[in-house]
Amino acid sequence: MNISNQIQELTLSFFKTIDAEIINNNGLYDIAIPNKYQNYFQKSKIRITFNEKVAEEHNCELIIPGSKTLFQIITNCSNKGPISVKSLPGAINTAIQYHFYVNFSGVKHHSQLFSITVDIQNMRIIEYPANLESIDLPLDFKLDSKKITPSFEIALNELKQNSSELKSTFINNANIDFETDLKLFISRYDDEIRELDNSITKKESTSNDFEKIKQYRFDTIDEIEKIEKEKSNLVTILQNKHQVNFDYNLVACEIILY
Amino acid sequence: MDALDEIKIRYPDKFGINAKLRQTQTHNPEFLNLTLQSYQILSFLKNEKLSIAESLRTNKNVSIFAHQILAAQRIKNELGGTALLADEVGLGKTIEACIIIKEFLTTGIAKKILILAPPSLLSQWKDELASKFDLDFINQQNDSRFIDVSSHDLLLMSHASASYPEKSKALQEVFWDLVIVDEAHSMKNSATHKHQLVKNLSKRHLLLLSATPIQNNLEELYNMIELLHPGYLGTWNQFKDKYALGKNLRSINPTFKNKLQDILSKLIIRTTRKEVRTYIKFTDRIPHTNILEPSEKELLLYNAITDVIRDLYSENYNSLALMTYQRLASSSTDTSKRALYKMKMNKVIGPEKYEELLSFANSIPYDSKFTNILKHIEKDSSKFLIFTEFYATQDYIAKNLESKGFSVILFNGKMSPDEKYEAVRQFKNKSQIMISTGAGGEGQNFQFCHNIVNYDLPWNPMKVEQRIGRVHRIGQTDDVNIYNYALKGTIEAYILELLFTKIELFNMTLGELDLIFEDSTNQGLQETWFKEYMTAKNDIEIKNKFSSLGENWKKNKEKIHETVDEFNDDVFNNFDLSALKEKK
């Protein structure tokens with residue numbers, strides 16, 4: 001599915017889920033926001049479209065990357081940390097599917113969703129069972145709390161393995177970028193230092209005034225030290241700029257009865 | 001070659017999912033799907049380039065840097081087009097906002113856009129939008145096409161004009177797709193008209209621009225965020241109790257630092273000069289202040305005119321007209337002649353006195369200022385940008401420099417946009433010297449030149465900074481020499497000394513000046529200076545009066561520096577809000 005379709009689906013599903021009244025008039029959507037969400041959206045009615053021409057014609061909000069309503073929906077949905085339950089008829093086993101949002105950031109960026117399912121009886125990674133249906137949690141159901149932490153750790157280890165290739169590639173690329181920057185910016189300082197070094201030799205070979213040569217040497221060495229210090233500062237700045245962060249955020253969970 | 005030595009790995013469970021599992025707390029399954037879809041879209045958006053990325057890359061009218069594109073990208077894709085853009089000074093916040101405007105117009109996210117800025121920056125905005133992004137905004141202040149606020153899709157207004165009840169009401173009746181507030185720290189106090197104006201505007205997206213969004217305490221940060229996302233931080237008391245520490249409300253409670261980082265990273269972008277040092281060279285300003293001994297004739301002429309003005313001032317004559325005479329008398333011999341002519345026409349001097357003083361002025365071969373500048377230009381073949389407030393002085397300098405064989409080009413407010421464009425081109429490629437009037441200097445960029453001459457002084461610190469800002473900005477590769485001129489004993493000499501020695505104006509930025517002089521109107525400032533000069537009985541008294549004015553501003557400046565620095569150390573520097581990389 002392309003991104004425009006994904007955005008449209010998320011937007012409309014969101015409004016349906018919160019029980020908003022939606023009227024679609026040839027791609028022009030009039031949405032009556034339920035009371036509970038009016039404060040969040042700061043209004044009771046929203047007129048939106050996913051079509052540029054309709055937006056132009058009706059002067060309404062076009063839902064595309066950058067639109068405010070889309071941002072509000074994403075912010076709302078991504079801040080919930082929801083847990084839902086799915087089941088097969090006559091289920092005897094329990095598993096937890098952990099959803100991680102992996103965020104690799106540095107000068108470049110990569111993010112991806114990973115989902116890992118762990119059977120909490122035998123603490124094994126399993127395939128996500130087919131044909132599951134959403135249910136309300138049975139009243140007599142109890143999740144053994146002692147098994148939550150170990151199953152989470154198994155999921156994390158699996159996540160690390162699943163993402164290790166991606167991680168190595170990201171680190172390699174970050175290192176290449178860092179080295180390129182380093183070469184580019186540091187060579188200027190090395191050239192300057194070399195030139196100053198050479199100028200001392202030149203001064204020594206062209207002047208007979210020992211005092212002047214001595215003074216020149218001191219001054220130039222001071223200058224070189226200054227450049228060396230600046231160079232080392234720059235390396236630190238570059239290291240900070242290129243520093244790589246890996247965040248493995250747990251963003252949602254499913255309890256699976258199968 | 002070195003490799004990166006630090007890689008940070010975190011496994012956050014910021015929604016407390018493990019704890020929810022223990023309590024078997026479940027949600028509507030629909031929400032799980034929506035959450036996962038949201039993260040899928042977020043993954044896409046984080047890597048999504050601006051739709052105008054290619055046209056920005058090939059835009060020859062402006063140099064755009066990585067942090068500017070990334071900031072605009074984050075504002076659009078991750079912050080929903082509503083944010084506080086708090087880059088440190090000199091990193092091009094205006095350009096970042098212009099990129100957002102262009103992107104929003106191109107993609108259809110916005111059609112009606114309002115920019116609110118201090119009056120002194122409106123021309124600069126207008127020019128940057130037009131010359132660099134081909135966007136024609138109507139400047140409400142001085143555009144003859146302006147009808148009313150609802151008639152224009154792209155409108156520029158000053159904070160002050162927009163806050164007038166009538167204008168404010170009219171602005172609130174329009175729905176704005178995007179509102180941009182420059183120097184937004186002036187909205188920090190929620191009780192002010194300005195804050196209320198922005199709060200009550202009907203708008204979809206809001207961008208607040210300020211290098212110094214907080215000067216006193218966390219409440220200012222809260223007030224700014226309230227403008228962006230009302231209710232997002234709860235009530236002030238809830239916010240204060242959770243995040244603030246200490247009576248002065250300047251420190252963050254460490255327990256909730258990560259939580260606040262998370263919140264601020266969705267609202268604020270702040271890139272620092274340190275982060276961009278690898279690709280932007282920041283140069284220094286080197287002021288050369290020349291308070292010259294006037295020639296005997298110059299002194300006599302100036303004193304003769306000033307005596308007349310002083311007498312009229314004591315008789316409560318129109319002070320605006322008197323200030324004009326005084327400024328003319330201080331600029332050059334040719335403007336002194338102009339002052340005499342105006343005084344004769346207004347019958348404040350008789351024809352005999354006029355003739356006497358005119359023949360005196362005519363006997364001055366060269367101004368002392370001109371002779372001194374000539375020495376610098378003769379020694380240095382690089383380009384010089386000479387500023388004056390008056391056409392007569394502009395012509396005087398041009399005529400005399402040309403007679404000495406220098407290539408000179410003029411730039412002023414009378415010229416058409418095409419003529420201005422041609423003049424800038426000529427200065428860049430051919431002429432060594434440009435002579436510009438104050439009006440002509442606004443909005444133009446002359447980074448290829450690193451010598452500025454203030455032949456006379458605008459009695460407005462913001463204008464002085466704007467002159468320097470034409471040259472000392474991103475893209476300047478040399479330290480900038482600022483030659484300031486005044487004749488000893490003139491009002492300009494006292495102002496220059498005040499601005500230079502007391503408040504070190506030439507090392508300050510527009511944002512800082514805005515803070516120091518935010519309570520003084522332009523007219524008020526000029527009238528204060530003029531009054532002190534006119535009412536003093538002798539030189540010592542003038543000196544004392546100006547010195548006392550300077551002390552007040554100096555204290556104000558130090559206080560502002562101290563609180564801003566302290567706050568930045570305590571708050572902003574604790575967080576990573578940069579556009580260049582993202583930490584959570």
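The values are calculated or read from the model by the stated rules, or taken from the named source; none is laboratory data. If you're wondering where the values come from, they're calculated on a predicted model, not measured in any experiment. Cβ placement follows ideal geometry from the backbone for every residue including glycine, while neighbour counts extend to all protein chains displayed. Only protein heavy atoms, including side chains, enter the accessible area calculation; ligands, DNA and RNA are left aside. Shrake-Rupley method; radii C 1.70, N 1.55, O 1.52, S 1.80 Å.
Numbers at a glance
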| quantity | calculated |
| --- | --- |
| Rh by Kirkwood over Cα pairs, then Stokes-Einstein D for region A:64-129 at 0.692 mPa s and 37 °C, µm²/s | 219 |
| Distant-in-sequence amide H partners of B:GLU183 (H built 1.01 Å from N, under 5 Å) | B:LEU209 |
| Cα extents of region A:8-54 along the three principal axes, largest first (Å) | 31, 18, 14 |
| Inter-chain Cβ neighbour average for residues A:166-172, partner chain, 10 Å | 1 |
| Mean residue ellipticity (222 nm) of chain A, computed from DSSP H runs ≥ 4 via -39,500 (n - 2.57), nearest 500 | -18000 deg cm²/dmol |
| Farthest positive-ward along chain B dipole, Cα basis, beta-carbon charges - from B:PRO287, B:ALA536, B:VAL62 | B:VAL62 |
| Amide H contacts of B:ILE268 (H built 1.01 Å from N, under 5 Å, at least 5 apart or other chain) | B:LEU84 |
| Binned Cα-Cα distance frequencies in region B:296-340 - 5 Å width, integer % | 5, 25, 35, 22, 10, 3, 0 |
| Rg/Rg_globular for region A:218-258, with Rg_globular taken as 2.2 N^0.38 Å and Rg from C-alpha atoms | 2.64 |
| Computed over chain A: relative contact order in percent, which uses C-alpha pairs under 8 Å that are six or more apart | 26 |
| Rg/Rg_ref, the protein assembly as shown, where Rg_ref = 2.2 N^0.38 Å and atoms are Cα | 1.14 |
| Karplus-derived HN-Hα couplings along region B:52-65 (A = 6.51, B = -1.76, C = 1.60, θ = phi - 60°), whole Hz, x at Gly and Pro | 9, 3, 5, 5, 5, 5, 9, 6, 7, 7, 8, 8, 10, 9 |
| Integer Hz, Karplus 6.51/-1.76/1.60 couplings in order for region A:89-101, x for Gly and Pro | x, x, 4, 10, 10, 10, 9, 10, 9, 9, 10, 10, 9 |
| log10 of Debye I(q)/I(0), alpha-carbon scatterers only, for region A:1-131 at 0.09, 0.12, 0.15, 0.19 Å⁻¹ | -0.41, -0.67, -0.90, -1.11 |
| Under 19 Å from A:LYS142, Cα to Cα: lysines that are on another chain or at least 8 residues apart | A:LYS86, B:LYS20 |
| 5 Å binning of all Cα-Cα separations within region B:1-85, expressed as whole percents from 0 upward | 3, 10, 12, 13, 15, 15, 12, 9, 5, 3, 2, 1, 0 |
| Contact order relative to length of chain B, as percent, for alpha carbon pairs under 8 angstrom and 6 or more apart | 15 |
| Cut-off under 5 Å, modelled amide H: who pairs with B:TYR483 long-range | B:HIS288, B:ILE452, B:VAL453, B:ASN454 |
| Gyration tensor over alpha-carbon atoms, region B:1-147, equivalent ellipsoid semi-axes in Å | 39, 21, 15 |
| Region B:192-319 - Rg and Dmax from Cα coordinates, angstrom | 25.9, 72 |
| Over 20 Å (Cα to Cα) - which of A:LYS16/A:LYS68; A:LYS146/B:LYS257; B:LYS383/B:LYS488; B:LYS274/B:LYS557 fall in this group | A:LYS146/B:LYS257; B:LYS383/B:LYS488; B:LYS274/B:LYS557 |
| Per residue convex hull volume, Cα atoms of region B:374-475, in Å³ | 97 |
| Residue-averaged [θ]222 nm for chain B, counting only DSSP H segments that reach four residues, each worth -39500 (n - 2.57) | -15000 deg cm²/dmol |
| Dmax and Rg, reported as Rg then Dmax, of region B:384-442 (C-alpha, Å) | 10.5, 29 |
| Under the Karplus curve 6.51 cos²θ - 1.76 cosθ + 1.60, θ = phi - 60°, whole-Hz ³J(HN,Hα) for region B:154-161, x wherever Gly or Pro sits | 10, 10, 10, 9, 7, 3, 5, 4 |
| On Cα atoms only, tilt of A:3-17 relative to the major axis of chain A in degrees | 50 |
| Under 20 Å from the Cα of B:LYS414 - lysines, other chains or at least 8 residues apart | B:LYS126, B:LYS399, B:LYS463 |
| Out-of-range pairs (alpha-carbon distance over 32 Å; input A:LYS108/B:LYS93; B:LYS169/B:LYS420; A:LYS167/A:LYS226) | B:LYS169/B:LYS420; A:LYS167/A:LYS226 |
| Taking the C-alpha atoms of chain A, convex hull volume expressed per residue in Å³ | 246 |
| Neighbourhood net charge (15 Å Cβ-Cβ; Lys/Arg +1, Asp/Glu -1) for A:THR117 | -2 |
| Convex hull of region B:100-229 built on C-alpha atoms - directionally averaged projected area, nm² | 7.7 |
| Rg ratio (alpha-carbon, reference 2.2 N^0.38 Å) - region B:150-225 | 1.08 |
| Spherically averaged projected area in nm², based on the convex hull that wraps the Cα atoms of region B:212-274 | 4.7 |
| Residues of type lysines that B:LYS347 reaches as a straight line, Cα spacing below 25 Å, ignoring anything fewer than 8 places off in the same chain | B:LYS297, B:LYS337, B:LYS531 |
| Lys, Arg +1 and Asp, Glu -1 on Cβ, resulting dipole of the protein assembly as shown about Cα centre, debye, nearest 20 | 820 |
| 1.4 Å probe accessible area per residue over region A:14-107, in Å² | 44 |
| Sulfur and carbon atoms: percent of accessible area, region A:118-258 [1.4 Å] | 48 |
| Whole-Å semi-axes of the ellipsoid equivalent to region B:434-499 (Cα gyration tensor, √5λ, descending) | 22, 12, 10 |
| Peptide A:100-111 - average C-beta neighbours from other chains (10 Å radius) | 5 |
| Spherically averaged projected area in nm², based on the convex hull that wraps the Cα atoms of region A:165-230 | 5.2 |
| Burial order of peptide ranges A:206-216, B:252-262, B:462-472, B:363-373 (average beta-carbon count within 10 Å, highest first) | B:462-472, B:363-373, B:252-262, A:206-216 |
| Contact surface A-B: accessible area buried, both sides summed, square angstrom, 1.4 angstrom probe | 7400 |
| Per residue accessible area in Å² of region B:66-120, where ligands, DNA and RNA are left out and the probe is 1.4 Å | 18 |
| Descending Cα extents along the principal axes, chain B, whole Å | 101, 55, 50 |
| Listed residue (A:TYR98, A:LEU70, A:ILE33) projecting farthest to the positive dipole end of chain A, Cβ model | A:ILE33 |
| For the protein assembly as shown, share of DSSP beta bridges that run antiparallel, in % to the nearest 5 | 40 |
| Percent accessible area from carbon and sulfur atoms, region B:36-167, protein chains only, probe 1.4 Å | 52 |
| Relative pair counts by distance (%), Cα atoms of region B:260-366, 10 Å bins | 12, 32, 16, 8, 11, 14, 7, 1 |
